[in-house]
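The values are calculated or read from the model by the stated rules, or taken from the named source; none is laboratory data. Because the structure is predicted, anything quoted here is derived from the model rather than measured. Cβ placement follows ideal geometry from the backbone for every residue including glycine, while neighbour counts extend to all protein chains displayed.
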């Protein structure tokens, strides 16, 4: 999904490493990586992580956005920064969900996407 015409663009693996590094640098809690490439035509990975407060979630998002831009990867969109209980950063091949623990438990994205993968496998479809 990366832009093959832009030689300066990050590779998928470089983008993934940038995201993980940015989150680890800001002490993200429980980073989970979910491959959704077979389930979602819009992206390859979801990265889900928690922050200890709205300020922490917002800081993680700001750091990620800054590092992505510095690496030549302009986010396609950012949602939720004002409230910062759930901030979504769309980096095209990687969509990052930064959430407060309460929001993460309520929406349970990990289970939602893993159930989808399990249903595809049980139906004989590639996961």
Of residues in the range 9-20 being free of Cβ contacts under 8 Å to residues at least 24 places away in the same chain and either under 25 Å from residue 112 (Cα atoms) or in contact with a helix residue (DSSP H, G or I) (Cβ under 7 Å, 6 or more places away or on another chain) (or both), the one surrounded by the most Cβ atoms within 10 Å (Cβ to Cβ): 17
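Enumerate the strands (runs of 3 or more DSSP E) found wholly within the range 1-84, keeping only those where 2 or more residues are in contact with a strand residue (DSSP E or B) (Cβ under 6 Å, 6 or more places away or on another chain) and under 19 Å from residue 101 (Cα atoms). Lay out the reasoning, then the answer.
Details: elements: 29-35, 45-50, 77-79.
So the answer is 29-35, 45-50.
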Residues (part of a strand (DSSP E or B) and either more than 21 Å from residue 37 (Cα to Cα) or at pLDDT below 90 (or both)) located in the range 88-106: 99
Residue match in the range 34-54 (condition: within 12 Å of the chain's Cα centre (by Cα), modelled with pLDDT under 95 and surrounded by fewer than 16 Cβ atoms within 10 Å (Cβ to Cβ)): yes
Criterion violated by residue 109 - all others in (1) over 15 Å from residue 44 (Cβ atoms); (2) modelled with pLDDT of 95 or more; (3) surrounded by 13 or more Cβ atoms within 10 Å (Cβ to Cβ) satisfied: (2)
